[in-house]
Every structure is written in C-alpha cells, then in structure tokens.
C-alpha cells in the first residue's frame with residue numbers, strides 16, 4: 001500500500017512560469033521536499049494536472065534537482081530545472097507546457113503539491129492544480145490559514161508538511177485527498193494520456209509500428225506524442241523555429257521523418273512549427289536543408305506571405321544535442337524535390 005511520507009506545498013510564481021523578464025529556468029521548493037534534495041539528481045515523477053472545473057491528465061516526468069547552495073551557509077533549498085531526459089520531459093518543462101495550454105485564463109497562479117511516497121511506483125508524485133478546478137476550491141476551504149493565504153504578490157511560499165510538524169492536520173487532509181484521487185473517489189473527467197517510450201532515434205533503424213487499418217482516432221493513438229511535443233517545444237523555448245511565433249496554441253511539434261511509431265518520437269526528429277508552416281511541410285512545399293536553412297518549393301516561393309522565409313536560417317536549440325537530424329532533413333528535402 002502506498003504511504004504518503006511528507007508533502008510540500010506552494011504556488012508557482014509568475015517568474016517560475018516564465019511570465020516575467022527574469023528568465024528563470026527552475027522552480028524552487030522547501031528544504032527536505034525529498035530525502036536526497038542536497039544532491040544533483042533526477043527522479044522519475046508522475047505529474048498530475050488538474051484544469052478547467054473537473055478535468056485532469058497525467059504524464060511521467062523527470063525532476064531534475066539542482067540544490068541552491070549559499071556560499072557560507074550551505075545548502076538552502078532544492079530547485080527543479082528545465083532539461084531533457086531523452087524521451088521523458090522534465091517536471092518543470094511539463095508544468096510550463098500545461099500551464100500555457102490549459103491554465104492561462106485562470107485567475108491567480110496554480111498550486112503545486114509534491115507527495116514524497118513509500119511503497120509506490122514513483123518516489124514522488126506532483127499535483128499541479130489550476131485555481132479554476134474544484135480540487136483547488138476544496139483544499140482552499142479545508143487547509144489551514146497559513147497554507148491558503150497569499151502574500152502581496154499573490155503567492156504562497158513553499159511549506160513542508162508532515163504528520164508531526166505544525167501542519168499535521170493539513171497533512172491528513174492532503175494525504176486523504178491523494179488517496180481519494182488515486183482510488184477514483186473524486187469524480188474527475190480524465191482526458192487522454194500518453195504512454196511513454198524507451199527507444200533511441202536512428203533514422204536507419206526505425207520500426208514501423210503504425211496499424212495497417214487507419215481509424216478516425218489514429219492520430220490520438222500515437223504513443224508518446226505528448227512527451228514528444230513537450231520535449232520539442234521546450235528545447236526551442238516554445239517558439240516556432242522558422243517564424244519565432246510563441247503562441248502555444250498555434251505551435252505544433254513536427255516529425256521530420258514522418259511518424260511511424262515510438263522510434264520517431266525522438267527530440268532530434270522534431271521541430272516546432274507554426275500551424276500554417278507545419279501544413280506547408282506536410283504538403284511537401286517546405287523543408288530545411290543540412291545547413292539548417294529553409295527551403296521552399298517554387299509554388300511556396302511565389303507566395304508573398306512565405307517567400308521571405310526561403311534561405312532563412314532556423315532558430316536552433318541552445319543545446320546542440322537537440323539539433324534536428326541532418327540526414328532526416330535531407331531525406332525530406334530529396335523526397336519532395338526541394339533541393
């Protein structure tokens with residue numbers, strides 16, 4: 001039986017959500033959020049997202065921990081940074097993705113609760129709760145004044161909650177909530193969830209795992225698609241690599257080598273494209289060469305709206321190991337006679 005060991009609770013600040021000019025790349029938390037918080041480690045963490053009034057989904061993430069260390073006073077607190085763990089997206093990147101996708105119109109910043117667990121598949125589980133969701137309203141009405149009262153900036157500082165400290169009553173409330181959600185006692189509308197995938201990308205050794213019979217739900221059945229989308233958008237700082245559009249609703253994670261199964265969901269086989277640019281790609285009217293420059297078909301190059309992109313270098317990730325695979329890019333260009 002899963003046992004809740006301790007709980008950490010806070011609101012995610014605007015800076016941590018990427019909504020300020022601070023360029024923050026991490027989310028801070030309280031000391032002792034988990035036992036090894038002083039180490040630079042990664043921990044598989046299940047992220048449960050609660051949005052709208054009663055919807056939720058979940059995804060497996062990696063919590064990348066970089067503890068904050070004071071020059072003279074020693075370790076101060078853990079911080080969870082952005083990054084990539086091959087196929088699995090980081091906890092921080094996933095939080096930013098789901099916030100911008102599902103919570104931007106909610107009043108106030110969301111609550112983040114981290115459960116440190118025993119006898120569980122995951123050492124840690126996180127609840128990311130929109131202020132619009134009934135779970136938020138429930139905990140807001142039940143928890144102690146110290147845990148629901150925000151400061152002048154509209155934030156709640158991180159607090160560690162255990163069965164033996166000053167928040168023991170809150171510990172029981174949140175532990176019971178965790179158990180009720182895990183046992184489906186809370187009525188939630190579960191939206192589509194992705195499976196994870198474990199293989200590496202190799203364009204010369206891709207298994208075709210698509211079903212022979214196409215169905216109306218074929219696109220929705222792609223294994224690991226949401227992980228792929230989060231990793232690709234995060235690598236490019238949630239911007240189209242050609243237009244630099246940063247509106248998440250308009251961005252799509254494009255497979256360079258078309259999707260034929262989990263093997264193609266590799267970050268080097270993905271680029272973020274604005275929806276209209278993505279459509280040009282899928283129609284074979286646009287590609288990117290091995291110099292990372294945009295190549296247009298004659299038809300697209302005759303368009304006043306798109307000819308400005310021909311020959312333009314794309315925006316690349318900061319980390320070179322996330323750069324798009326050149327062989328895959330050239331194959332697409334040759335297939336569509338773009339070069």
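Just so it is clear, none of the values below were taken in a lab; they were calculated from the coordinates. Just so it is clear, the model here is predicted, and its values are computed rather than measured. Please note: Cβ atoms are built from the backbone with ideal geometry, for glycine as well, and neighbour counts cover all protein chains shown.
What does the extension gain come out to for residue 331 and residue 14, with contour length at 0.36 nm per residue minus their alpha carbon separation?
Difference between extended and current length: 109.9 nm.
Estimate the FRET efficiency between residue 191 and residue 31 by the formula 1/(1 + (r/R0)^6), using the beta-carbon distance for r and 35 Å for R0, to the nearest 0.05.
0.50
Just to confirm my numbers, what's the Cα centroid distance between the range 238-258 and the range 278-339 in Å?
Answer, in whole Å: 13.
Where the Cα atoms of the range 28-95 are projected onto their three principal axes, how long is each span, largest first, in whole Å?
46, 29, 18
At a Förster radius of 41 Å, what calculated FRET efficiency corresponds to the Cβ-Cβ distance of residue 282 and residue 66, to the nearest 0.05?
0.60
Can you tell me how much longer the chain between residue 164 and residue 75 gets when fully stretched, taken as 0.36 nm per residue apart minus their C-alpha distance, in nm with one decimal?
Extending this stretch completely gives an extra 29.7 nm.
Bin all alpha-carbon pair distances of the range 55-156 at 5 Å intervals from 0 and give each bin's fraction as a whole percent.
Taking all Cα pairs of the range 55-156, the binned fractions are 2, 10, 17, 20, 20, 18, 9, 3, 1, 0 percent.
If I model a spin label as a point 7 Å beyond the Cα along the Cα-Cβ vector, how far apart are those points for residue 304 and residue 140 in nm?
4.9
Ranked highest first by average number of other Cβ atoms within 10 Å, how do 259-269, 88-98 line up?
Listed from highest to lowest mean packing, they are 88-98, 259-269.
How far is helix 326-335 tilted off the main Cα axis of the chain, in degrees rounded to 10, range 0 to 90?
So the helix axis and the longest Cα principal axis differ by about 50 degrees.
Under 11 Å from a point placed 7 Å out from the Cα of residue 293 along the Cα-to-Cβ direction: which residues of the range 301-339 have their backbone N that close?
Only 310-314 pass the distance filter.
Calculate the FRET efficiency for residue 3 and residue 104 from the Cβ-Cβ distance with a Förster distance of 41 Å, rounded to the nearest 0.05.
It comes to 0.70.
Based solely on C-alpha atoms, express the radius of gyration and the Dmax of the range 277-335 in angstrom.
My reading of the Cα-based Rg and Dmax gives 11.6, 35 Å.
If packing is taken as the average count of other Cβ atoms within 10 Å, what order do 308-320, 170-182 fall into, highest mean first?
Top of the packing list down: 170-182, 308-320.
Can you give the angle from 0 to 90° between the axis of helix 225-235 and the longest principal axis of the chain, with both taken from C-alpha atoms, to the nearest 10?
Between the helix axis and the principal axis of the chain, the angle is about 90 degrees.
So what is Rg over Rh here for the range 3-188, counting just Cα atoms and using Kirkwood for Rh?
0.93
If packing is taken as the average count of other Cβ atoms within 10 Å, what order do 148-157, 72-81 fall into, highest mean first?
Ranking the peptides 148-157, 72-81 by packing returns 72-81, 148-157.
With no solvent and one equal point scatterer placed on each C-alpha of the chain, evaluate the Debye formula and give log10 I(q)/I(0) for q = 0.06, 0.09 Å⁻¹, two decimals.
These q points yield log10 I(q)/I(0) values of -0.25, -0.54.
So how far apart, in nm, are the two label points at residue 153 and residue 38 if each is 7 Å from Cα heading toward Cβ?
Here the modelled spin labels are 2.7 nm apart.
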